[in-house]
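Read the structure below first, then the notes.
The numbers here are math on the coordinates, done by the rules we state, and not lab data. Computed from a predicted model, the values in this text were never measured in an experiment. Cβ sites come from the backbone with ideal geometry, for glycine too, and all protein chains shown count toward neighbours.
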């Protein structure tokens, strides 16, 4: 007679006690309502807060009550599982709230100055009482600085990644790789201070009769310092995904290594490299601090990145935010919206490109 | 056997004379004249290595590009030191312990103490708020959410990491400040007996506002890094835990979290690095005072980076040097934090690769 067939006295094998028991959804809902009612009564009765406190306290009571109720029905382990799940869901809701608020504020406040004037004029001769004025000069500045920065950082970054993947061996390559990672974390303001002390204060006087000079090019240098490690990292990752047989096939045909890299490896990895470059450009376009330290900001249009102060979109937002004019906040929000649209468009395009990339992990 | 001479006996076989580098025929069997050249036995038909070629040039170029990173890091330290030292020599106070910041006076007195304190306090507070939430979201994305929801949500989180800090700063100052002020008044009324919530006001532009804004900014970074780590948990570990009867949370606690721990620590430290260096968001939201105070809700607070942004415009030569000196301190702090984080990641990678 097997164990299964033995009768255990007092236990009847029904579906109820061979499955684990579940807390009915109605009880779950009941606990939620009760928790809210208790919280509301407590908060409003004692007058210690408003509806926000009711919700927070209600959520806490709900978690406690759920743990208790589920613990009675399902056992402590299942109750703990349930509570952690609720906490994790609650954290998601909590995180979405401020982010939704940021987006809503940005769109609602930023829309007020979305007119042709904003994109067609600069802040030249705009006094504190003028409602007009725009960000044309700032958009020009951002595009020029980011463009020059990309021109410097992209070749350097891609070549650096080629070194790390194709040529680098041993301790030196490991050191370079380590410091590329470390460089990713350099604060933008430190990059700004570096270009300030190197380019603006030491090098630029040679081009400007001995006087230090702010310029858009200096800002581009600082942005390039910030972009370089991101480009190296993303390119390196992409080059590593290029299949080895592709390289070997090329070598077998007698193609030298440099030609293999340029004609076979790079084109294969190109979509991924472009994605990384676009992400780093998006990050650089949003930087405020380095531009403020080395380009100085300006009210007028300056097309020449090599001489004189230049504005950028992010810096424009910051300066208008600190401006005392009652029209400044509207300009700041519209510029912020423009900046976010620019950055997000680049980012989304990069991500979509990455999705179409055939070389993926 | 031996009826025909072997091919290699024919000294001219394979001597195609394609280029000047194909000088010798196969089987010449000559020893190389110098150690640089490969033995030219049967392979003599292959091209010899040229002393200078595109290959050498390309290799040198890419090596130089790789070395550029080291050059830049060293240059940052060198140039910051060169500009900071003259200002530090004019300083009449102790740079490390002084809390005031008057570098533009005729008798400059300035110190990093209050600024460094504010930087560390606001960053740690921001991490304290954001790390639990970020880990919860990462777990939600990797282990709870259905794939249809997890993919777009992860996409949105990645997008948020790209939003410029000045936008968060503007939002924090113009919009978020009011709720935080109300909350601060409430905290002060009921928890005023705690020193961190004490004080007479005014409230609002406080360490708390700065730390909350920072927390929102750090959240996407910590989330996306730890989500990646959690997703790499070996499926067999998870299945083994589930097969032993673990609930989902027990599976996460016993299989996912221990596996992801080093990665999570590294993600948190990278978030810390970003929080420490954050400039504009804090320049817009903090109250900018120069004192060391643990009070979180009264107007006040400052950080190294925010101070640079705020006082740069009216700084003279000494003032600029002083700001560069403070930037050097920030550079050193973030360098240490980042190097620690990377060292953890590297050790974990070696461990994982050798285990695989």
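With angles folded into 0 to 90 degrees, how steeply does helix A:216-241 sit against the dominant principal axis of chain A? Use alpha carbons for both and round to 10.
50
For helix A:76-110, report the angle its Cα long axis makes with the longest principal axis of the Cα atoms of chain A; keep it between 0 and 90° and round to the nearest 10°.
That helix lies at roughly 40 degrees to the long axis.
Enter the mean number of other protein chain beta carbons within 10 Å of the beta carbon of each residue in B:152-163, as an integer.
5
What do you get for the angle between helix A:170-184 and the principal long axis of chain A? Use alpha-carbon atoms, 0 to 90 degrees, nearest ten.
So the inclination is approximately 80 degrees.
Which whole-number percentage describes the relative contact order of region B:112-355, with Cα contacts under 8 Å and a sequence gap of 6 or more?
Rounded, it is 30 percent for region B:112-355.
I'd like the per residue volume of the convex hull spanned by the Cα atoms of the protein assembly as shown, given in cubic angstrom.
Working: hull volume 182.0 nm³, N = 717.
So the per-residue hull volume is 254 Å³.
Between A:70, A:153, A:307, which gets the highest mean-square fluctuation from a Gaussian network model of chain A, Cα cutoff 10 Å?
A:70
Sort B:256-266, B:161-171 by packing, meaning the average of other beta carbons within 10 Å per residue, with the highest value first.
B:161-171, B:256-266
So what is the relative contact order for region A:190-295, in percent, with contacts set as C-alpha pairs under 8 Å and at least six apart?
Result for region A:190-295 is 44 percent.
For chain A, what relative contact order do you get, as a whole percent, if you take Cα pairs closer than 8 Å and at least 6 residues apart?
Relative contact order for chain A comes out at 20 percent.
Mind running the shape call on region B:151-200? Use the C-alpha gyration tensor, a ≥ b ≥ c as the square roots of the eigenvalues: rounded below 1.5 for a/c, prolate if a/b tops b/c, oblate otherwise.
Prolate shape, in that a/c is at least 1.5 and a/b is the bigger ratio.
Based on the Cα atoms of region B:112-355, what semi-axes does the equivalent ellipsoid have, where each is the square root of 5 times one gyration tensor eigenvalue, given in whole Å with the largest first?
Computed over region B:112-355, the values are 36, 22, 16 Å.
With viscosity set to 0.890 mPa s at 25 °C, what whole-number translational diffusion coefficient in µm²/s follows for region B:80-183 from Stokes-Einstein and a Kirkwood radius over Cα pairs? Write down the numbers at each step before the final one.
Working: Rh = 18.0 Å.
Estimated diffusion coefficient is 136 µm²/s.
Which whole number of Å³ per residue matches the convex hull of the alpha-carbon atoms in region A:119-356?
139
In the Gaussian network model of chain A, springs joining C-alpha atoms below 10 Å, which of A:201, A:66, A:339 carries the largest mean-square fluctuation?
Largest GNM mean-square fluctuation: A:66.
GNM on chain A, C-alpha springs below 10 Å: top fluctuator among A:185, A:249, A:308?
Residue with maximal mean-square fluctuation among A:185, A:249, A:308: A:249.
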